[in-house]
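Novice: Take a look at this one; I'll ask things after.
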Amino acid sequence: MLSLYAGFLALAAVAFLTSCGSHGRVPAIPYRARSLPRNADLLADPGSLDYFPDRIVVAFKRDATPPADAGASLQEHLPSSVLYGNTGAALMARYLAATYGIVLSQEAYVRNLNFASYVCGSPEQAAQLVSDLPRTFPYAIENVEYDGILSLAYVPDDPDYPDNLWGMVKIDAATAWDVSHGSGVKIAIIDSGMRYSGSAPGSAPDHEDLAGNVLNPPDYWPDETFDLCDNDNIPEDELGHGTHVAGTAGALGDNGLGVVGVAYEASLIPIKIFSTGNPVSYSRAAQAIALADQVGADIVNMSFGGTWLSVTLHNAVVQAHDDGVLLVAAAGNNDNEKRFYPAAYPEVMAVGATDSLDNRASFSNCGDWVDIAAPGVGIKSTWASTPSSYHNDDGTSMSSPHVAGAAALLLAADPTLTADELRATLEASGDDLSDADWNNAYLKRLNVGSAVSYSLGSPPSVQITNPDDGDTVSDTVQVAANASDSDGSIEKVFFYAGDYFLAVDTSPPFATDWDTTKFPNTAYSVRAIAFDDQAQRAEDSVSVTVSNPQESPNYFEDFEGSVSGWWVQDENGPTTWNLVNDDSYSATHSYKFGGSGGGSYGNYEYDLLFSPVFDLSGLEHVKVSFYHHYSFGIYDYGYVTVNTGDGEYHSLGSFTNTQSSWIRSEVSLDDYIGKSVQVVFLAESDEANLGAGWWIDDFFLQKSSAPPTVQVTAPADGQEVSGSIPFTAEASDDVGITKVEFYAAGSLVDTDKTPPYGITLDSTYLHGGDNVLKAVAYDEYPLTSEDSVTVVVKNHQISGFSPTTSTTGVLMTIDGSLFVGNGGDSYDPETDFVRFTAVDGKVDAEVMSWAASRIKAVVPADAVDGPVYVDINSASVASAGSFSVLPHIDGLNPNAATVGSVITIDGSGFLATQDEDSLVKFGDVKASEIQSWGNRAIEVEVPSGVRPDLITVETRNGLSNGVFFTPIPKITQLSRDRGYPGLLITITGTSFGDSQQDSKVVFADDVEVPPEDVVSWEDDRLSVKVPASAVTGDLFVIARGYESNHEPFVVTLPPPTIQSLAQY
């Protein structure tokens, strides 16, 4: 039997799914869809698939590292968790998230298990990354797959099952308890969590019959995340299932309360992956297994599973098994022999369910892959609704923790036992069960009372005798092995080719025939696993290469006559694929999945239709097309997949619901060029709402010829266009052109199927400026080629603007047409601008509103006289008339100064240079000395004769506003620089004012000249008497509140006075 990959896991009880509400079981999807189909009908509704169409899981190589230029900042965001041992892979995961804009979700990097899951921006991006990442980073990435969905399932309570602990009696737990209670052994319960007092930080396990055995993660592993649903460290149980499972494995004993667990002194580690309302990803389960391994769990219980495999989940299982962890899982509740994973992995102990009479439970899966059975009907255990609640439940979910608890009793009694020895002891020491119930002659029901005293002998040995290591094999080859056991007998030998299960042989000589023509030509590891009568095992393997004649494209099969190379595999269910002659697309025959004579398929179908093996080497492009119609019940699916011999079925598309008429679908196989492949049609069903089936006809695997050629012939590259224009192209192909598509600005405008190829393009529907026009030609394959030109669309026009003359800062209205294109175009502030003429070219204006026929914008401060421009994506249109800027003074720097000083007049609209009409006035005094003149600033020397007054600027466009200027007094000369009190001195200068008013002359030590000593006061000359109290120092003038410069003055004694003359 070939092993398949899928994304559905269900907590292993019978078929009711609480987490899916009314939707029932979520269907499966084969592992890792490498490319999306070309036809939209190949995609089922993503919301009902068994995988997240927008989520992927990337498996990294152990030595993966990001590119050298990735940046050191990635290192700063690594959590301090035991799951981040391989930092290179963790950094590579963050590099991918940053590079592709995808959100990192679940992850683990522990030795050989290195993976990260991501939420992508869309299903399209996810599909592209699934295809592209392994080829872009082959040095770092092992593989990429879609992230599957896990779902919870329960069996409803049944009043026929009494509220007791018959299971403990049946497995003879009491005898085992005389030897061991499980103390010191850690059991990880990966489930829906356990009963807690709440979900907030500080909450703790509080079930009366369970809390004492629970290792509360915040107390033991405060840096880790044990609730993988809420990403915190409080794994509280919202469903009850995890609490029930935990109670069976390790509820407290000898406490006078409720129930007792098998290992009632074992330590329980709660890891939550299920909660209410949301599906669960495969990557979350893989992360949980890795976490259990890293925190030191001895045993892991997994009461969930599904019919298909996942490489990520299997890698996590292998890593834990290699680390010595015993993995125990439910065998599933579909009442069939279909392998259920993770239970069916060779590294995991698969547990079926029995009732109180040792019959196989009506729901339990069975078959030669089931390892052991345990009680699973009417099992009473702890429940999560209150701290003292208990509940009866059915399912292999309940059987699995019986075995996990029993393993803990054995390990506590003998800590030297390995995981494989624990497993063998439990499987070998049980009570025999009926082969008729189980289709497994060697299956036993758990008896832990016997197990604690059971002694294992020597393990078996096995050696593959055919084929030899390194052989190249073809046709049908016998795979044979010698197996022996020194102290017992060999019960069975399983044979595998890679991950494909071939057969099991129960009697010597141990062998099976392997029809290699049904397998792609590639290398395989052929394995033989032998089991002795004590359930101990041994394994041997050889490497071989399959080499058979292969079909090559072009290949067509209409299923008429001899259908060579096609074969069917009936994995499960009452019907399978059959050649029928009652419905076909062409001629009379087709392949149908479902009942004959128009009948429906059955419950739990799992059937595959295999094509011949094809050689895709040396090709450039290849695709598969087929005609089909289908009628699937709700949650039933058909898949188109590719098998490359790697143990995986790579999904190309899926179908559900009903397509009553024949349609043609096609998918690309370009991702598999260079490989040997099979196309596999896979159909599966649920347990209800059955449909009529799926019909396949006229299968065509086609390689491509040379791609077509195409060239845009009009318009020319760089051409300026407006209105309606011809958009034409020349296209040719060695077989024929089927169509040419014409695109403008990334959108399909029209299609032409007949030469000469062309359309009329109305450019008014495009955004103005640069636009890419592209022609895409298709041939019959179809392969495509394309050519493009860039044109400048200029449809907009300015009809006028208002005002035509103003200062800057004023709101201007610009009228015109097609400032916005027709048909939903809009203003883009990143590319569309109103611009004014500036000294050095153009200056952008602030846009206040933009509509198709009117724009409002603020005149910028740097505007000068000239046209107004509307630039749309580099296409510039100028107004017919010019805008005139009136001068405006914003301020003076400084606003008071002495005559002869230089001040700056700041403002706008002064024009770029001074001309004969340009002048600056201080009141009525014209400034004659202009130091510099610019549009935004003028430097001018204060002229003599100015009075306190308004400064104005005048240009050819008009007169500016006035800004008040105050001249500061300045002393230029003293009539004398020394004198005595009462002496008359003259002070010459500027801006003293025409009269004294509040002005004053001040000598040193603030000695003011009194009014009676002021003889005269003019703007440029003062006459005053030296005050009686004057002292030597500086004198100065204060006028209009401003102080002049200081001049030194020496006060002397008055000359002597001659009173009279006397004659001697």
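Novice: Based on alpha-carbon centroids, what's the gap between segment 356-430 and segment 101-144 in Å, whole number please?
Specialist: Result: 36 Å between the Cα centres.
Novice: Also: Taking segment 803-904, which trypsin sites (Lys or Arg not before Pro) meet the DSSP loop condition and have no more than 16 other C-beta atoms within 10 Å?
Specialist: Passing sites in segment 803-904 do not exist.
Novice: Dimensions of segment 709-793 along principal axes (Cα, Å, largest first)?
Specialist: That gives 38, 19, 18 Å along the principal axes, largest extent first.
Novice: Also: Determine, from the Cβ-Cβ distance of THR904 and ASP770 and an R0 of 60 Å, the FRET efficiency 1/(1 + (r/R0)^6), rounded to the nearest 0.05.
Specialist: Step by step, r from the Cβ atoms, then E = 0.90.
Novice: What is the distance, in nm, between label points placed 7 Å from the Cα along the Cα-to-Cβ direction at ALA1028 and at LEU104?
Specialist: Going from the ALA1028 label point to the LEU104 one covers 9.4 nm.
Novice: Subtract the Cα-Cα distance of ASP915 and ASP570 from 0.36 nm times their separation in residues, and report this length gain in nm to one decimal.
Specialist: Taking 0.36 nm per residue and subtracting the Cα distance, the gain is 114.3 nm.
Novice: Taking 7 Å along the Cα-to-C-beta vector as the label spot, tell me the SER586-ARG956 distance in nanometres, rounded to one decimal.
Specialist: 8.3 nm
Novice: Give me the lysines in straight-line cross-link reach of LYS444: C-alpha distance below 16 Å, same-chain residues under 8 apart excluded.
Specialist: LYS444 reaches LYS170, LYS492.
Novice: Let me ask something else. Helix-only mean residue ellipticity at 222 nm, the chain, DSSP H runs n ≥ 4 weighted -39,500 (n - 2.57), per residue, nearest 500. What is it?
Specialist: The helix-only estimate for the chain comes to -3000 deg cm²/dmol at 222 nm.
Novice: Classify segment 745-895 as rounded, prolate or oblate, taking a ≥ b ≥ c as the square roots of the eigenvalues of its Cα gyration tensor: rounded when a/c is under 1.5, otherwise prolate if a/b is larger than b/c and oblate if not.
Specialist: Prolate is the answer for segment 745-895, as a/c is 1.5 or above and a/b outweighs b/c.
Novice: Let me ask you something else. Whole angstrom only: what separates the Cα centroid of segment 796-855 from the Cα centroid of segment 738-785?
Specialist: The distance from the Cα centre of segment 796-855 to that of segment 738-785 comes to 32 Å.
Novice: Ok, one more. Which loop-located trypsin sites (Lys or Arg not before Pro) does segment 753-834 contain, where loop means any DSSP state but H, G, I, E or B and the Cβ has at most 12 other Cβ atoms within 10 Å?
Specialist: LYS753
Novice: Right, next: Once you have the Cα-Cα distance between THR545 and ASN112, take 0.36 nm times their residue separation minus that, and quote the gain in nm to one decimal.
Specialist: Length gained between THR545 and ASN112: 153.3 nm.
Novice: Taking the beta-carbon count within 10 Å as an exposure proxy, list THR805, THR65, THR656, THR416 from fewest neighbours to most.
Specialist: THR416, THR805, THR65, THR656
Novice: Determine, for TYR601, TYR454, the number of other Cβ atoms within 10 Å of each Cβ, and report the residues in order from fewest to most.
Specialist: Going from least to most buried by this count: TYR454, TYR601.
Novice: Could I ask something else about it? At a Förster distance of 60 Å, what's the computed FRET efficiency of ASP533 paired with ILE634, Cβ-Cβ distance as r, to 0.05?
Specialist: After rounding, the FRET efficiency stands at 0.80.
Novice: Would you mind getting me the FRET efficiency between ASN359 and ALA174? Use the beta-carbon distance for r and R0 = 22 Å, nearest 0.05.
Specialist: According to the calculation, E is roughly 0.45.
Novice: Rounded to whole Å, give me the distance from the Cα center of segment 579-597 to that of segment 669-737.
Specialist: 28 Å
Novice: At ASP844 and SER802, where each label point lies 7 Å from the Cα along Cα→Cβ, what is the point-to-point distance in nanometres?
Specialist: For the pair ASP844/SER802, the computed spacing is 2.9 nm.
Novice: Then there is this: Which loop-located GluC sites (Glu not before Pro) does segment 482-568 contain, where loop means any DSSP state but H, G, I, E or B and the Cβ has at most 16 other Cβ atoms within 10 Å?
Specialist: GLU560
Novice: Can you tell me how much longer the chain between THR988 and ALA878 gets when fully stretched, taken as 0.36 nm per residue apart minus their C-alpha distance, in nm with one decimal?
Specialist: Value of the extension gain: 33.7 nm.
Novice: Where does each of THR522, THR990, THR506 land when they are ranked from fewest to most other beta-carbon atoms within 10 angstrom?
Specialist: THR506, THR522, THR990
Novice: In addition: Looking at this model, which pairs from LYS338/LYS592; LYS61/LYS703; LYS794/LYS842; LYS675/LYS703 are more than 25 angstrom apart at the alpha-carbon?
Specialist: Distance filter (> 25 Å) returns LYS61/LYS703.
Novice: Could you give me the ³J(HN,Hα) list for segment 823-840, computed from phi with Karplus coefficients 6.51, -1.76, 1.60 and θ = phi - 60°, whole Hz, x at Gly and Pro?
Specialist: With the stated coefficients, segment 823-840 comes to x, x, 5, 8, 5, 10, x, 7, 10, 10, 9, 9, 10, 10, 5, 10, 4, 10 Hz.
Novice: Return the inverse of the average 1/r over all pairs of distinct C-alpha atoms in the chain, which is the Kirkwood hydrodynamic radius, in Å to one decimal.
Specialist: Every distinct Cα pair counted, the radius reaches 36.5 Å.
Novice: Shape of segment 555-703 from its Cα gyration tensor (a ≥ b ≥ c, root eigenvalues): rounded if a/c is under 1.5, otherwise prolate when a/b > b/c, or oblate?
Specialist: Judged from the Cα gyration tensor, segment 555-703 comes out prolate (a/c at least 1.5, a/b above b/c).
Novice: Any idea which of ILE968, ILE634, GLY693 is furthest toward the positive side of the dipole for the chain, if Lys and Arg beta-carbons carry +1 and Asp and Glu beta-carbons -1?
Specialist: The residue sitting farthest along the positive end of the dipole is ILE968.
Bear in mind these aren't lab numbers, they're just calculated from the coordinates by the rules spelled out. Since we're looking at a predicted model, the values are computed, not measured. Neighbour counts run over all protein chains shown; Cβ positions are idealised from the backbone, glycine included.
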